[in-house]
There are 4 protein chains.
Amino acid sequence: MQRIALIGAGFIGAVHAKSLAANPDVDFRYVYDVDLARAETLAVSHGAAAVSSLAQVFDASQVDAVLIASSTNKHAEHLRLAADAGIAALCEKPIDLDLERARETVAYVEASGIAAMVDFNRRFDRDYAEVKRIVDAGEVGDVELLQLSSRGPSMPPLEYIAVSGGQMRDQTVHFFDLATWITGLDAVAVSATGSALAEPRVADYGDVDTSIATVRLANGALVQIDSIRRSGYGYDERIEVFGSEGLVEAKRHRAGQVARYGSGTVTESGMHAGWFERVQPTYAAALAEFVGALEDGRSPSPSLREALRAQAVAEAATRSLASGREEPVLS
Amino acid sequence: MQRIALIGAGFIGAVHAKSLAANPDVDFRYVYDVDLARAETLAVSHGAAAVSSLAQVFDASQVDAVLIASSTNKHAEHLRLAADAGIAALCEKPIDLDLERARETVAYVEASGIAAMVDFNRRFDRDYAEVKRIVDAGEVGDVELLQLSSRGPSMPPLEYIAVSGGQMRDQTVHFFDLATWITGLDAVAVSATGSALAEPRVADYGDVDTSIATVRLANGALVQIDSIRRSGYGYDERIEVFGSEGLVEAKRHRAGQVARYGSGTVTESGMHAGWFERVQPTYAAALAEFVGALEDGRSPSPSLREALRAQAVAEAATRSLASGREEPVLS
Amino acid sequence: MQRIALIGAGFIGAVHAKSLAANPDVDFRYVYDVDLARAETLAVSHGAAAVSSLAQVFDASQVDAVLIASSTNKHAEHLRLAADAGIAALCEKPIDLDLERARETVAYVEASGIAAMVDFNRRFDRDYAEVKRIVDAGEVGDVELLQLSSRGPSMPPLEYIAVSGGQMRDQTVHFFDLATWITGLDAVAVSATGSALAEPRVADYGDVDTSIATVRLANGALVQIDSIRRSGYGYDERIEVFGSEGLVEAKRHRAGQVARYGSGTVTESGMHAGWFERVQPTYAAALAEFVGALEDGRSPSPSLREALRAQAVAEAATRSLASGREEPVLS
Amino acid sequence: MQRIALIGAGFIGAVHAKSLAANPDVDFRYVYDVDLARAETLAVSHGAAAVSSLAQVFDASQVDAVLIASSTNKHAEHLRLAADAGIAALCEKPIDLDLERARETVAYVEASGIAAMVDFNRRFDRDYAEVKRIVDAGEVGDVELLQLSSRGPSMPPLEYIAVSGGQMRDQTVHFFDLATWITGLDAVAVSATGSALAEPRVADYGDVDTSIATVRLANGALVQIDSIRRSGYGYDERIEVFGSEGLVEAKRHRAGQVARYGSGTVTESGMHAGWFERVQPTYAAALAEFVGALEDGRSPSPSLREALRAQAVAEAATRSLASGREEPVLS
């Protein structure tokens, strides 16, 4: 049984609270938020206690692990506090939007020896995990080409764009991680191009909302990722891994399986309206991996270092958007 | 907020306990089971209290509603106790395996004026509800033919067969209900034929494991239902409603969306291994309808009387299996 | 090389003419039709000669085989002429609408020793042949249940209904044949029920346009066939064969593979508008089997006797529609 | 009625011969090939005459149009002969592997005023034409991103690679054409990257067998094309067009619609084994457009100039493979 404190009681904090309450190996202790009332509301509905100071959270006599769902600019600080206290940490991505600061944080946390994991939750999607299993088993042979689509339903507000770090760091990074995780291959170079088509004002922030990134992996295999902020038709992800012995595909998900046959057309259930509906089960699964690793004394995965690698690809892709040429991935 | 007690802490009771704990309009009070230890285990993990007597359950000063998940032969008795206490009831199907006793129970409960609902949970499946919405909206025109498949993954034990009431009353009854609910039409006659192919010893119980029932609805439309106890390939349901203006289909569900392309074949994700994986979300949705109706002062649906109608079709189908001819539905 | 004469230059005759002209093992000699001008038009566009007398057609010094695509009431007569002349015959179904006369014709033709085949073209559909291969290979184990749907796009004219022999003999008969051919099992009894829903005047002819037939096979397996004259959404066929080791399905065909993703729905390509578009490739394949058998000295299949068996099931189903009970198949 | 001569009696010439013989508006006159015996075999089986000199082919008193299916290095010469003779021409792609020589040829042919068309047959695929119709109708709004996959089943022989002009000019060019044709937008720049993964010796020819090309269209929309020489699982093409109002997809084609449901997996029909099986109907459709345009006095499309534009994109993509940077499309 792991005693866990949750930092952050916003939307994603509430998602984690539900998983924490439902996990049989978790003793859900505390909820901390800069807004104490918000922490209390969340705590009370899941049998935990709200706390008003980080000192209570990072008290190793009461807490075995923290789940860091604070605002992005606090992740690094909270990771360091966990390292100092000798408390395990499961942290929302990114470690820090600044790659150099992220690197320093990872080095600091690794030196402390605590168990730490980044919540790249898509790795815990049933279909993506199955794709990895198939690739690992050699069923598609040597990996030669990947195709990944990442398409959100609607433009985030410009205030979000302003602090997001840009499409590569904020959205595409999940798919940089998936591509290297599924194949077990490092990214060596990346070329990215994009436009502000859904919302031209995105360009004012030096950002794009519709982009293509092409990654070259260590074995010469190629990865194609298209990232779209506003699909208009719902939340849409898919992955193909092509290899010397065949292809494996994690297909688009539909929200239902209803088909209406009319003259000339068949109208079927559409996509999920939003990302949360699509990826919801992955949060509990990621938490289960973290808790299971703590229980077993294993290192949980994805580690901070793995997250750093995905971030380094996003960094190179961001440079490529500006330079218009292929950029090496500097890890 | 509805104060609810759960009767029955077996497999399906545990499913209901989870829904009760998660429903924001429910104050989950008690768990009762003939095995008190089992009740306690379930109660403690969901913040409820175990009780050892039915008097505590049927105490209207403490409880607004009961969820009856006791063994089949106790349903009628527990419904009558709810009626006597003036407590609302959500009851697992069937009301009673004996149609006459079920009729008497419904009359008794209706006379009491309590809100009562039978947990025909498939009505709350997202896809089936969508099919009904489409049919109700007239999008397929006048209903002319339905096709429903009900296929369980593996033979239940013979001890279960012995007390199940037979395939029509136990398995097909859900689909008799779906057919009449979706179309809003009464069943007038039914013809059934079957064989004991998966397990020949099923015939020793006067039962079948592979059957076809053909129902004639009030408007002359025809309904085809195939029921299979052991599919071997997982849990499989599908529904088609054909009308004068087109067809609507609720397709088979696959457990995932992964496809492997090889030479000559594509291997895709299979069906769900069991019924529970397929219908799991319907339990919470059925509970939400029940609780919502209580909160709003509406009559919850499906009512006991609706359940009785489906049971009458199952009864006629059971007679037809024996007589070899079409039998009228006597309601 | 087989010298072949075609009898009948109507719609289906024109289909056969095209296959005859394209088949490299066929020397397409003659076209005969009671309307000589029609015969000439068809002959000239395929490099054959029109002939005005049946004596020219049934001249074994010039012709090795005939393809009988005359009107239904002439099939038996033309089969007998082929038998008398010692010329092989490929005949459109049915042999004769009257079962007794069909039986006599088959006996007569068999006595002559000519090679003869009935054009049950659906057997030559790529998908149905694949289903049979899978069933024959034992990949679904022992056959336990079949489901077949036969749905035409629109009501035929009442004049056609009047001479069709009824839905069972005219439409469902193809699926009686498919069910027994795929499984290799004889039909022992059949129960049918139907309504005149698409066109109530169909009832004036003692016929139905929407029906369900349930066939019992020799091993106790059950077959469910729904037949619909007017789908409204295009031509629709599908087959499922369920066995002790799994299920094999020949899915509905769509006319294309285009999908439009919009908010809430995906609109996909519809069904083929008509039966011909769906089954077109089967005609050339059936002809190839006939010609190949002649070239190799094999007996072509489906034989007249096999067609007779399907007709006997249709006859029993027609009786069942009237009697309201299961009827034995008398072969 | 158009009198047509065919130049070239190889594999693709034989495909065209079949279409020419079947088209009711074509009087199929001559077959010419450097190998006269091969021309004779093809001619005789389709009711045409073999000729041994190009003078007979380019005789405007006998021939209205030529179908140029000669070897690639002869296309330009045969187009010029058609221009000189005032005979219409339908020419296999490419006009000439050398872009400059292709440009000169187009100018020469245009100056002559003959009707001329390049056989970009994929434009006549039912699904791709439907996609274009949907895009033209504005149903996906403004085009923002395209994804096209082009995957052949197996490595062509190295002798073919040696004279192919490289993957961009030989394979991807069809998809450069489709992307600009469907969207009605010009390509302005292209970036390509690739590897020799299926056959490392391809690198000896300065070529790749697995590549990604990213095209920027005039409105800022992005196009992603992955080209694979050896899929190993069959012939695989798909297209997605994403716009401001939704997505339209021309899905992969399967060779059949058979599904086997087993425990844990469903095995479905695979892809077509080869490209010809997949695109076969497009040849007759392209010919019908050419002949129809001649009959109506319209200019047939795709014109030589349209083909030149696709070739210019392929040229820029070929430069990009070498330079490692985005290259402008010089038209």
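Residues that are surrounded by 24 or more Cβ atoms within 10 Å (Cβ to Cβ) and among the hydrophobic types (A, V, I, L, M, F, W, C) within the stretch D:29-40 comprise D:Val31, D:Ala39, listed in sequence order. All told, C:Ser61 falls short of being in a strand (DSSP E or B) and either free of Cβ contacts under 8 Å to residues at least 60 places away in the same chain or within 14 Å of another protein chain (Cβ to nearest Cβ) (or both).
For the stretch A:145-166, taking the residues that are aliphatic (A, V, I, L, M) and in contact with a Phe, Trp or Tyr (Cβ under 9 Å, 6 or more places away or on another chain), the one that is farthest from A:Leu217 (Cα to Cα) is identified as A:Leu158. Consider the stretch C:263-298 and keep the residues that are within 12 Å of another protein chain (Cβ to nearest Cβ), among the charged types (D, E, K, R) and crowded, with 16+ Cβ neighbours inside 10 Å. The one that is nearest to C:Val15 (Cα to Cα) is C:Arg278. Of all the listed residues (C:Ser150, C:Ser154), the sole one being among the hydroxyl-bearing types (Ser, Thr, Tyr), closer than 22 Å to C:Ile225 by Cα and in contact with a Ser or Thr (Cβ under 6 Å, 6 or more places away or on another chain) is C:Ser150.
Being within 14 Å of chain B (Cβ to nearest Cβ) and part of a loop (DSSP other than H, G, I, E, B) holds for only one residue in C:Pro94, C:Pro153, and it is C:Pro153. Within the stretch D:125-144, at least one residue is assigned to a strand (DSSP E or B) and farther than 19 Å from D:Ser299 by Cα.
If only residues of the stretch A:101-116 that are hydrophobic (A, V, I, L, M, F, W, C) and farther than 16 Å from A:Val173 by Cα are counted, the one that is surrounded by the most Cβ atoms within 10 Å (Cβ to Cβ) is A:Ala116. For the stretch A:154-165, the set of residues classified as closer than 19 Å to A:Tyr235 by Cα and either crowded, with 21+ Cβ neighbours inside 10 Å or without any contact (Cβ under 8 Å) to a residue 12 or more places away in the chain (or both) consists of A:Pro157, A:Tyr160, A:Ile161, listed by residue number. For the stretch D:161-197, filtered to residues that are farther than 25 Å from A:Glu245 by Cα and assigned to a loop (DSSP other than H, G, I, E, B), the residue that is nearest to the other protein chains (Cβ to nearest Cβ) is D:Leu185.
Residues of the stretch A:100-117 include none that is touching an Asp or Glu at 6+ places or on another chain (Cβ under 7 Å) and within 14 Å of chain D (Cβ to nearest Cβ). Looking for something among the aromatic types (Phe, Trp, Tyr), more than 29 Å from C:Val143 (Cβ to Cβ) and surrounded by 20 or more Cβ atoms within 10 Å (Cβ to Cβ) - is there at least one such residue anywhere in the stretch C:223-233? Yes, that holds for at least one residue.
Exactly one residue out of B:Tyr233, B:Tyr205 is in contact with a Ser or Thr (Cβ under 8 Å, 6 or more places away or on another chain) and either acidic (Asp, Glu) or more than 24 Å from B:Ser301 (Cβ to Cβ) (or both), and it is B:Tyr233. Residues considered: C:Ala17, C:Ala89. Of these, the only one that is free of Cβ contacts under 8 Å to residues at least 40 places away in the same chain, part of a strand (DSSP E or B) and within 18 Å of the chain's Cα centre (by Cα) is C:Ala89. Note on the stretch A:198-221: residues that are basic (Lys, Arg) and more than 14 Å from every other protein chain (Cβ to nearest Cβ) total 1. Scanning the stretch C:64-86 for residues that are in a helix (DSSP H, G or I) and either of a type in the set (Gly, Ala, Ser) or more than 15 Å from the chain's Cα centre (by Cα) (or both) yields C:Asn73, C:Lys74, C:Ala76, C:Glu77, C:His78, C:Leu79, C:Arg80, C:Leu81, C:Ala82, C:Ala83, C:Asp84, C:Ala85.
Checking the stated criteria, D:Arg38 turns out to be farther than 29 Å from D:Leu308 by Cβ, at pLDDT 95 or above and not small (Gly, Ala, Ser). Among the residues of the stretch A:188-201, those identified as surrounded by fewer than 24 Cβ atoms within 10 Å (Cβ to Cβ) and in contact (Cβ under 8 Å) with a residue 12 or more places away in the chain are A:Val188, A:Ala189, A:Thr193, A:Ser195, A:Ala196, A:Ala198, A:Glu199, A:Arg201.
Residues in the stretch B:316-331 that are free of Cβ contacts under 8 Å to residues at least 12 places away in the same chain and away from every other protein chain (no Cβ under 14 Å): 1 in all. Whether a residue is of a type in the set (Ser, Thr, Tyr) and assigned to a helix (DSSP H, G or I) was assessed, and D:Thr214 does not pass this test.
Scanning the stretch B:126-140 for residues that are within 8 Å of another protein chain (Cβ to nearest Cβ) and touching a strand residue (DSSP E or B) at 6+ places or on another chain (Cβ under 8 Å), we see that the one that is surrounded by the fewest Cβ atoms within 10 Å (Cβ to Cβ) is B:Glu139. Evaluate the following for B:Ser71: is it touching a residue at least 60 places away in the same chain (Cβ under 8 Å), surrounded by 15 or more Cβ atoms within 10 Å (Cβ to Cβ) and of a type in the set (S, T, N, Q)? Taking the combined requirement at face value, the residue does not satisfy it.
Look at the stretch C:243-253 and say how many of its residues are surrounded by 19 or more Cβ atoms within 10 Å (Cβ to Cβ), at the interface with chain D (Cβ under 9 Å from one of its Cβ atoms) and over 15 Å from C:Asp125 (Cα atoms).
Looking only at that region, the number is 3.
For the stretch D:206-217, the condition of being surrounded by fewer than 23 Cβ atoms within 10 Å (Cβ to Cβ), of a type outside the set (A, V, I, L, M, F, W, C), farther than 18 Å from A:Gly194 by Cβ and assigned by TED's automatic domain parsing to the domain that holds D:Arg319 holds for at least one residue.
The values are calculated or read from the model by the stated rules, or taken from the named source; none is laboratory data. Given the structure is predicted, the values throughout are model-derived calculations rather than measurements. Neighbour counts are summed over all protein chains in view; Cβ atoms, including those assigned to glycine, are modelled from backbone coordinates with ideal geometry.
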